[in-house]
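The values are calculated or read from the model by the stated rules, or taken from the named source; none is laboratory data. None of the values given here were measured: they were computed from a predicted structure. Here Cβ is always computed from backbone atoms with ideal geometry, including for glycine, and neighbour counts include all displayed protein chains. In case anyone asks, the SASA skips ligands and DNA or RNA and just uses the protein heavy atoms, side chains included. Shrake-Rupley method; radii C 1.70, N 1.55, O 1.52, S 1.80 Å.
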Amino acid sequence: MTADKSIVCACEDVTVHDLEDAVARGYGDIESLKRYTGLGTGPCQGKSCEVAAMRICTSGNKLAPGAQVPFRARPPFAPTAMAEFAGLQAPPPSSEPQPGLRPTWGKGPHPLQPATPLPEKVDVAIIGGGIMGLALAWHLAGEGAGKVLVLERGYLCEGASGRNGGGVRAQWTTPTLIELAKESIAFMGRFAQELGINVWLRKGGYLFLAHDEETLRRIEGSVDLQRKHGLPTRIVTAGEAGEIAPELDTSKFLAASWNPEDGVVFPWPFLWGYAEGARRRGAQVETFTRVTGIETGQGRVRALQTDRGRVAADRIVVACGAWSPQVAKLAGVQLPNVPYRHEIVSSEPLKPFLGPLVTMLGTGLYFSQSMRGEIVGGMGDPQELPGLNQSSSLRFLARYSRALTELVPRLGSVKLLRQWAGCYDVTPDHSPVLGETPGVAGLLQMSGFVGHGFMMAPAVARRMAEWMGGTKDEIFERFALRRFAEGRLEKETFIIG
Amino acid sequence: MDRDGPQTIRISLDGQAIDAQRGDTVAAALLRAGITTFTRSIKYHRPRGPFCLQGSCGQCLMRIDGAPSLLACRVLAEEGMICQRQNAPLGAEKDIFRAADFLFPEGLDHHHLMTGSRLLGRVALEVARRLAGLGELPDKPRAPVEAELRKARLVIVGAGPAGLAAARAAGDALRAAEGGVLLLEREPRPGGGALLAIDPALPDRDQIAQMALALQGEVMLDSECVGLYANDTALPGNALVAVRQRGRLLLLIAERVLVAVGGASQPLPFAGVDRPGVHAARGLVALPAMVGERLVVVGEGKELVDCARALRRKGYLLERVIALGKSWPAAADLPIEENQPRRALGNPVRALQVGDSRIHCDAVAIAMNPAPLHELASSVGAHARWVAEVGGFPIQVDGEGRTSVPWLFAAGRCAGLGGSAALNSGEAAGRAAGRG
Ligand SMILES: Cc1cc2nc3c(=O)[nH]c(=O)nc-3n(C[C@H](O)[C@H](O)[C@H](O)COP(=O)(O)OP(=O)(O)OC[C@H]3O[C@@H](n4cnc5c(N)ncnc54)[C@H](O)[C@@H]3O)c2cc1C
Ligand code: FES
């Protein structure tokens, strides 16, 4: 017996009903529709569903003509085995900065920008609808912080929060990050009950592989600290690591640090959950709205300019991830953060075989198996130039495939399906920038989370909301922007990628 | 094709021996043997069979010789080949997890499933994890296959009518230049959509053969372009073209690229369209095997008429030809009526409900306009927009095939210029791309 479903995307079993539901919930732009329903994320890569989906979206003139564009196409366009990419000696990268992606809809504001006016005045305006901004809005709205407005220039998931690997771990080398991560992971376990949407936290553990003696000593040092903070982290031999992740070639590393309580999540629903939760509590979340200016006067913030008009605000939070330096500059503020592209790729869906997220501290390779069975992973590139570049490269596929198939030879004929990129928001000490801005009262910073902001956000946002409500909290001293001028850095060394 | 040796070969499916004809794809061999369920779907474990038969829909994934999720419609059957169906622990015909399908007739909203309690949430997580994925890990490791690197002035992707015309028009001077013009074709022979002989406006097989012959040496067959990138390397050139050639990669560094990759057959979202026994009409035309005798053909406009006629020439009996819109070219020879398909019934499909009546058949063929394959071009920033009449997102081009990316040109169906427009658009774009 087979039920009477009208399937639009056969790869992911997405029905007409699912599409209509997503549109009704406000996820009607093609990028959100893809992410919310899973449409086009399977082995056909959208070639057999994008058209049917657009037919449904355009029937009854529901979608503005300018928005009738395909979702961003992600190479490779035919499933291609990692062994084939691994055999490519990619030519050295250019020394010119790359221009990055162009908007799929052409020039000007997004065609789905709402026509309704923005409020004239709010108490708190948050720039950036990534996980930081949205989680903060949810907490602030719950604390009675007055009128809260989030402005996001794209769709939800446009920034790094929609592009990351979903790794969450408490294995850090500074006490503050360990505590923030612990609280965040605990919250992720209750996210579905608090915010009504599944985020699929799967605690398969994290394995940090040490390929040489020096790295081994580093992870031994961090294990001591982590155990003091109540984590079950321990050093395992290569053989034991091979039992935890049976497909690893254990001759490629000496030992590993292992915390079975770390895990992976599905990032996208966090944003939808926080945004919907914030709205339920009375906050306003506006997508497709870009902040173009920050007005200051007499040493404090006055208002925001956007491509939909001006909004006066008592306090303005810069939560723009890798775009934060650019946005802070609108208020004449110089942030030390530098954006760097990080690329990532997803394989065909495989039956579950890999429990933990595995990472190689020497090369920056990391990978895990998603709840959908794909191997999702990335690898930093020492030759990457700074810049807000979110385009994909062939060089990455070659380097990643080689590193991964060396460590897991059985993945050689597994095929890659979809590559994309996001930007890390890198600070000089790899620690965030939080709190007050010297000289501009009311301008608050919430950026600089390098490649680990996702797993910090739930705790950071809670503490920031409480701090904004008047509660004292040392992290807003410790991570203040001032520290760079004062030469007081907070070095974190367990950085992947 | 290798004509030596026996014409019948033997493959196996889940341990059962199947006779195949030499030259069959695995999908053709299985359909010839009457096997229609190739896999179970990922979420609801619905039975699935090949739809497009041309490598674009992903509905024919199978484990072949120990490698997971290969497109059965793209793999040539070989003596002794071992094929296994995936995602069906107790066999594809009686998959126990198909309960997920009728337990959730409206679909299963995984975002909001069991969010009420942590305990149920954990149960949902466990169940979802168990059901996840399609293929098992490959049997064997595979070492890196060394890739080749080459330079080209102009790379033309796709040797259908538009690509062939473009290569011809690109000019002798350019063709003779070092690196010159390279014409890539995914299939083992040039011709693209024209080989189907569906559309009288396109060159016939002889004309295609002549066009290809005149370009000898520049056509690379079995060469599928899997990625196009703006050149971000230190080497000179505008574009990187990643090409798969029989299991290895070729990297082309090109000054200009012209895409003429055509379109992909599209299903229609009515109930049961995903069932085994619903196929793309073009796929059935190209298939060396028959899928029964009696067909219902559903589609629109000229594509419907052309495909219905081609299927009848192939020997099918057309039970009914269902047109979705009001307009189609006059075709007194075809039993065309305007109507809407409601649901496909049976596994494999044995009837199509249209309005209130059921039409019995052996299979359903869908003949919608193939949708422009914009991905290569749009991934590097060329604009593509929805055009309802085209039925997809053609790459936006000017009269000379220029896209919004200076080094990139497009022609033929992928630019919304299929059928009779293909040759002219290819020629104009080829000339412009040749000049630079
Ligand atoms: C490839 C990759 C892998 C990663 N892996 C992990 C991981 O495994 N685990 C983990 O914890 N973290 C990971 N990270 C890091 C993590 O994704 C980020 O730290 C986190 O998402 C940052 O959130 P955010 O809200 O600060 O920034 P973002 O999510 O980038 O949000 C900033 C938003 O600001 C918007 N914006 C910018 N300018 C303007 C403007 N002028 N007006 C209005 N809006 C504007 C942007 O559109 C964007 O949506 C990864 C990052 C990348 C790129
Ligand atoms: S991809 Fe093989 S039938 Fe469509």
Looking at the square roots a ≥ b ≥ c of the eigenvalues of the Cα gyration tensor of the stretch B:278-367, which shape do they give, rounded for a/c under 1.5, prolate if a/b is larger than b/c, or oblate? oblate
Can you figure out the FRET efficiency of residue A:491 with residue B:104, using R₀ = 41 Å and their beta-carbon distance, to the nearest 0.05? 0.20
Is chain A best put as rounded, prolate or oblate by its Cα gyration tensor, with a ≥ b ≥ c the root eigenvalues, rounded for a/c under 1.5, and otherwise prolate when a/b is larger than b/c, oblate when not? oblate
Derived scalar couplings ³J(HN,Hα) [the stretch A:404-410; Karplus, 6.51 cos²θ - 1.76 cosθ + 1.60; whole Hz; x for Gly, Pro]: 6, 6, 5, 7, 10, x, 5
Interchain or long-range residues, amide H under 5 Å from residue B:417's placed H: B:412
Area accessible to solvent at residue A:110, 1.4 Å probe radius, in Å²: 30 Å²
Under the Karplus relation with 6.51, -1.76 and 1.60 and θ = phi - 60°, whole-Hz ³J(HN,Hα) for the stretch B:153-170, x at Gly and Pro, equal 6, 9, 10, 10, 9, x, 9, x, x, 5, x, 5, 5, 5, 4, 5, 6, 4
Cross-link candidates for residue A:182: which lysines have Cα within less than 24 Å, leaving aside residues fewer than 8 places away along the same chain? A:203, A:228, A:472, A:491
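Nearest 5 is fine: what % of DSSP beta bridges in chain A come out antiparallel, could you say?
Once the DSSP bridges in chain A are tallied, antiparallel ones form about 70 percent.
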Isolated cysteines for chain A, Cβ-Cβ cutoff 4.7 Å, are A:11, A:44, A:57, A:157, A:320, A:423
Average partner chain C-beta neighbours within 10 Å, per residue of A:87-97? 5
Accessible solvent surface per residue of the protein assembly as shown, calculated while the other protein chains remain in place, 1.4 angstrom probe, Å²: 36 Å²
Could you work out the relative contact order of chain A, using alpha carbon pairs under 8 angstrom and six or more residues apart, expressed as a whole percent? 20 percent
Roughly speaking, what % of Cα-Cα pairs in the protein assembly as shown are separated by over 44 Å, rounded to a whole number? 31 percent
Here the residues of the stretch A:436-473 lying in the modelled label zone of residue A:123, meaning backbone nitrogen under 15 Å from a point 7 Å along Cα-to-Cβ, are A:465-471
Helix-only CD estimate at 222 nm, as mean residue ellipticity for chain A, using -39500 (n - 2.57) per DSSP H run (n ≥ 4): -8500 deg cm²/dmol
Round to the nearest 10 and report in Å² the accessible area of residue A:400, as given by a 1.4 Å probe over the protein chains' heavy atoms. 0 Å²
What length, rounded to one decimal in nm, is gained on full extension from residue A:229 through to residue A:436, with 0.36 nm per residue of separation minus their alpha-carbon distance? 71.7 nm
Could you pull out every residue, at least 5 positions away or on a different chain, whose amide H is within less than 5 Å of the one on residue A:313? Hs are placed 1.01 Å off N in the peptide plane, and Pro or chain starts have none. A:122, A:303, A:304
Phi to ³J(HN,Hα) by Karplus 6.51 cos²θ - 1.76 cosθ + 1.60 over the stretch B:172-180, Hz, x for Gly, Pro: 5, 4, 5, 4, 7, 5, 4, x, x
Points 7 angstrom from Cα along the Cβ direction at residue B:126 and residue B:189: gap in nanometres? 5.6 nm
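Is the stretch A:183-233 rounded, prolate or oblate when judged by the Cα gyration tensor, a ≥ b ≥ c being the square roots of its eigenvalues, rounded requiring a/c under 1.5 and prolate requiring a/b larger than b/c?
On the way: a/c = 4.82, a/b = 2.35, b/c = 2.05.
Prolate is the answer for the stretch A:183-233, as a/c is 1.5 or above and a/b outweighs b/c.
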With all protein chains present, calculate the accessible area of residue A:408 using a 1.4 Å probe and round the result to the nearest 10 Å². 0 Å²
Label point 7 Å beyond Cα of residue A:96 along Cβ direction - residues of the stretch B:409-436 with amide nitrogen under 16 Å: none
Between residue B:205 and residue B:79, what FRET efficiency follows from the Cβ-Cβ distance if R0 is 41 Å, with the result rounded to 0.05? 0.90
Determine the order of A:12, A:20 by accessible area, beginning with the largest, at a probe radius of 1.4 Å. A:20, A:12
With all protein chains present, the stretch A:235-297 has a carbon and sulfur share of its accessible area (1.4 Å probe) in percent of 47 percent
Under 19 Å from a point 7 Å along the Cα-to-Cβ line of residue A:58: which residues of the stretch B:256-285 have their amide N that close? B:262-270
Using alpha-carbon coordinates, inclination of helix B:301-313 to the longest axis of chain B, degrees: 70 degrees
Given backbone amide H placed at 1.01 Å from N, residues whose amide H is under 5 Å from that of residue B:320, ignoring those fewer than 5 places away on the same chain, are B:297
quick note, the protein assembly as shown, DSSP beta bridge pairs, % antiparallel (nearest 5) is 60 percent
Nitroxide proxy distance, nm - points 7 Å out along Cα→Cβ at residue A:240 and residue A:334: 4.9 nm
What's the FRET efficiency of residue B:338 with residue A:310 using the Cβ-Cβ distance as r and R₀ = 51 Å, to the nearest 0.05? 0.40
Set A:252/A:415; A:47/B:140; A:34/B:326; B:43/B:314; A:47/B:314, cut-off 25 Å on Cα-Cα distance; pairs above it are A:47/B:140; A:34/B:326; B:43/B:314; A:47/B:314
